[in-house]
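> Here you go, one structure.
Rule-based calculations on the coordinates, nothing more; no lab input. Note that this is a predicted model, so its numbers are computed, not measured. A quick note on method: Cβ atoms are made from the backbone with ideal geometry, for glycine too, and the neighbour counts reach across all protein chains shown.
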Amino acid sequence: MSRILVTSALPYANGDIHIGHLVEYIQTDIFVRFLRLIGEDVLYVCASDAHGAPIEINAAKKGMTPQKLVEEFHQRHQTDFSRFEISFNEFYSTDSPENQRHSEIIYLKAKENNHIVSREIEQFYCERCGRFLPDRYIKGTCPKCAAPDQYGDVCESCGATYRPTELSDAHCAICGAKPQLRTSLHLFFKLMDFSDFLLEWTSFPNRLQDEVRGFVRTWIDQGLRDWDISRDGPYFGFKIPGEENKFFYVWLDAPIGYIAATEHYVSGKNGVKVEDYWIDPKSEIEIHHFIGKDITYFHTLFWPAMLKAADYRTPTAVHVHGFLTVDSRKMSKSRGTFITARQFADQVNPWFLRYFYATKLGSTIDDIDLNLEEFVNRTNAELVNNITNLISRSAGFLNKRLDSRLGVVPKTCEELKKQVTTHVEQCYHDYRLLKYSNAIKNILAISDIANNYVQQNEPWSTVKTDPEKARDDLTFAINCSKILSILLKPVLPSYSAKVEQILGLGDLKWADAKFDFELRKINVFEKLVDRLEPNTMQHVIEKAKDDLVPKIVKTIAPEFKEEISIEDFAKIDLRVGKVLSASHIDGSDKLLKLRVDVGREIRTVFAGIKSSYSPEDLVGRTVSVVCNLAPRKMRFGVSEAMVMAASDPDGKIILCELDSDAVPGSIIK
């Protein structure tokens with residue numbers, strides 16, 4: 001029995017899981033469940049990718065800490081994965097002590113071995129926000145494909161990676177201002193040091209798909225560049241040991257989350273150590289990564305080089321898959337095809353998506369298409385009308401007419417048994433090679449053999465004259481049903497468990513896929529799965545569109561104040577402001593001290609919002625400011641303006657915010 005570690009790419013804790021993400025997790029889960037089915041010792045780990053600028057930005061917009069945002073999405077992801085039967089042994093977080101420890105070990109070993117270099121770089125700095133801008137705090141035009149509104153590290157249109165300074169029309173993602181270039185000392189991982197190693201590592205048989213190996217070799221041949229692994233604070237991540245106000249770039253500690261999740265799972269388990277999986281050079285445990293093609297560069301160059309630099313074990317194989325399209329087009333919110341896992345599972349049995357993806361997935365990096373009409377027609381035709389119908393009519397007839405008791409498989413079925421066995425053997429190889437679409441074809445071939453046999457031998461007729469022949473004919477069909485439930489188990493685990501219950505069998509393994517189920521009773525058939533209605537996916541799409549529309553929350557609002565004239569309102573100088581800094585005030589339980597850019601000058605504001613906001617949540621926010629109130633002298637200093645806020649029915653204070661594109665000093669009319 002082999003020991004195997006399997007991982008899926010870490011979902012970013014900044015949004016919900018959608019059906020495009022599920023391609024990878026379902027692909028991985030099928031592989032893991034197959035390996036367990038054939039008796040391998042498999043550990044399947046994953047984690048929330050919990051650091052970086054996007055989380056920091058989104059948390060600030062929501063008025064919460066990054067840690068709180070991560071925890072919310074971590075819980076949502078766990079629920080979604082559970083509904084789609086993704087069988088992680090461990091689903092952890094990169095914001096963990098284990099991850100920090102291994103990140104520091106890998107960095108310090110690389111530094112000790114002279115693979116880390118520091119140098120001054122030009123980096124964007126936003127004067128209005130008062131900070132250096134990490135990649136995701138910058139937007140502009142991609143230098144490769146000219147796609148607009150791209151972040152400063154990777155183009156979501158063409159997949160190119162670049163430095164933020166290569167963007168055209170760069171602007172601050174927080175306030176929209178044009179940033180300045182300033183120098184800052186950054187730390188770099190010398191990827192070029194590992195060119196020879198990576199050439200050898202990527203050439204190892206079966207480590208990468210041929211097409212992946214081809215473009216990875218092109219990257220190496222073109223010359224590898226040093227990799228910037230540091231970010232200036234403030235930044236949501238791990239502080240770099242020995243450095244002032246420097247943090248690990250999220251892509252350094254993210255894949256180390258695989259190691260951290262492994263350690264967290266094995267901790268306290270007798271005879272199992274994280275070193276067995278990731279450090280011991282004598283270990284024979286296989287490590288298999290499943291990733292999308294958009295993060296191939298990181299997993300086939302940076303990641304193995306980092307591991308090599310610190311004398312950790314490198315992956316056995318990296319399996320790369322393509323993207324999901326819906327009706328041959330990119331997923332789209334406006335068309336309603338950007339469907340979350342939750343939206344799908346609320347309306348459609350997740351079994352159908354697992355099955356459909358399996359019919360499409362192979363061992364290549366080709367994109368797969370979720371054609372909505374095909375999805376309904378194919379799953380109905382194959383899973384319901386073919387496979388489920390075989391089990392239903394065979395078990396149901398035995399229940400009704402033959403006392404639920406099996407006979408023996410007819411001797412005339414020897415040739416058919418050989419054909420089924422051949423399909424079982426081929427299915428085994430298909431699963432091992434990730435050729436799931438071929439595995440489904442072999443499964444359907446077995447179902448066709450059994451259905452045709454029943455149709456030709458007509459047990460509903462022979463039961464009248466020769467009930468034992470009818471019983472034996474159905475015994476062949478029931479044995480095929482048992483085999484089908486085993487072969488389908490990696491794809492449809494709960495479905496197969498229901499078949500096992502109907503047949504009165506326990507937890508079947510791959511070795512049980514044979515014709516040995518005879519002379520015993522089965523249980524009463526219970527419905528396995530309902531057909532999909534023709535308009536099923538239209539309902540899902542309409543729900544996805546509806547969820548984009550903000551929901552109106554009805555509250556009991558206070559009475560309106562006395563009516564005023566437009567002249568009265570015009571006396572108020574209401575302006576756009578940008579919060580540049582925020583701090584606590586010693587001795588005050590309610591106030592925070594803000595420095596707010598209102599265009600012509602920067603003003604100090606003492607705002608009574610401490611009950612709802614922490615200082616780090618406020619920096620960079622675009623707010624409404626009353627600028628012509630008389631300055632108010634307080635014991636903490638002079639408040640020179642008022643920041644507008646609302647109060648909900650529970651008394652919670654909520655800032656009146658504006659679009660981040662609004663320019664400080666603009667008049668609010």
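> Taking residue 144 as the anchor, which lysines have their alpha carbon closer than 26 Å to its alpha carbon, excluding any fewer than eight residues away along the same chain?
178, 190, 293, 330, 333
> Between residue 3 and residue 520, what length in nm is gained on full extension when 0.36 nm per residue of separation is reduced by their alpha carbon distance?
182.4 nm
> Same structure, new question: So which aspartates and glutamates pass the test for residue 417, namely a Cα distance under 12 Å, with those fewer than 8 places away in the same chain ruled out?
Straight-line reach from residue 417, under 12 Å: 516.
> In which sequence would 155, 126, 427 go, from the one with the fewest C-beta neighbours within 10 Å to the one with the most? Write out the running numbers ahead of the final one.
Details: 155 19, 126 24, 427 28.
Going from least to most buried by this count: 155, 126, 427.
> Taking a temperature of 20 °C and a viscosity of 1.002 mPa s, what whole-number D in µm²/s does Stokes-Einstein yield for the chain with Rh from Kirkwood over alpha carbon pairs?
75 µm²/s
> Let me ask something else. Check the straight Cα-Cα distances from residue 464 and name the lysines below 17 Å, setting aside those fewer than 8 residues away within the same chain.
Within the straight-line cut-off, residue 464 pairs with 400.
> Here is a further query. For a quick check of your reading of the filter: which trypsin sites (Lys or Arg not before Pro) in the stretch 154-249 sit in a DSSP loop and have no more than 15 other Cβ atoms within 10 Å?
Within the stretch 154-249, the qualifying trypsin sites (Lys or Arg not before Pro) (loop, at most 15 other Cβ atoms within 10 Å) are 225.
> Report ³J(HN,Hα) in whole Hz for each residue of the stretch 38-53, in order, from the Karplus equation J = 6.51 cos²θ - 1.76 cosθ + 1.60 where θ = phi - 60°; Gly and Pro get x.
After applying 6.51 cos²θ - 1.76 cosθ + 1.60, I find 8, x, 7, 8, 10, 10, 10, 10, 7, 6, 6, 7, 10, 10, x, 5 Hz.
> Arranged by the count of other C-beta atoms within 10 angstrom, fewest first, what order do 24, 56, 559, 112 take?
Least to most surrounded, the residues fall as 559, 112, 24, 56.
> What full-extension length gain, to one decimal in nm, is calculated for residue 533 and residue 169 as 0.36 nm per residue of separation minus the Cα-Cα distance?
Contour length minus the Cα-Cα distance gives 126.1 nm.
> Right, next: Which pairs break 24 Å Cα to Cα here: 282/308; 139/669; 360/514?
Pairs exceeding the cut-off: 139/669; 360/514.
> I would also like to ask the following. Return the percentage of antiparallel bridges among DSSP beta bridges fully within the chain, rounded to the nearest 5 %. Don't jump to the answer; show the numbers that get you there.
Values: 55 of 78 bridges.
That works out to approximately 70 percent antiparallel.
> Grab the beta carbon distance between residue 611 and residue 663, set R0 = 25 Å, and tell me the FRET efficiency rounded to 0.05.
It comes to 0.25.
> Sticking with this one: With Rg and the Kirkwood Rh both taken from Cα atoms, where does Rg over Rh land for the stretch 396-442?
1.21
> A further question follows. Between residue 419 and residue 239, what is 0.36 nm times their sequence separation minus the Cα-Cα distance? Round to one decimal in nm.
Between residue 419 and residue 239, full extension yields an extra 58.7 nm.
> Do you know the relative contact order of the chain, to the nearest whole percent, from alpha carbon pairs under 8 angstrom that are 6+ apart?
After rounding, I find 14 percent.
> Can I ask one more? Taking neighbour Cβ counts within 10 Å as the exposure measure, how do 545, 669 sort from fewest upward?
In increasing order of surrounding Cβ atoms, one gets 669, 545.
> Given the rule -39500 (n - 2.57) for each run of at least 4 DSSP H residues, summed and divided by the residues of the chain, what is its mean residue ellipticity at 222 nm, to the nearest 500 deg cm²/dmol?
About -11500 deg cm²/dmol.
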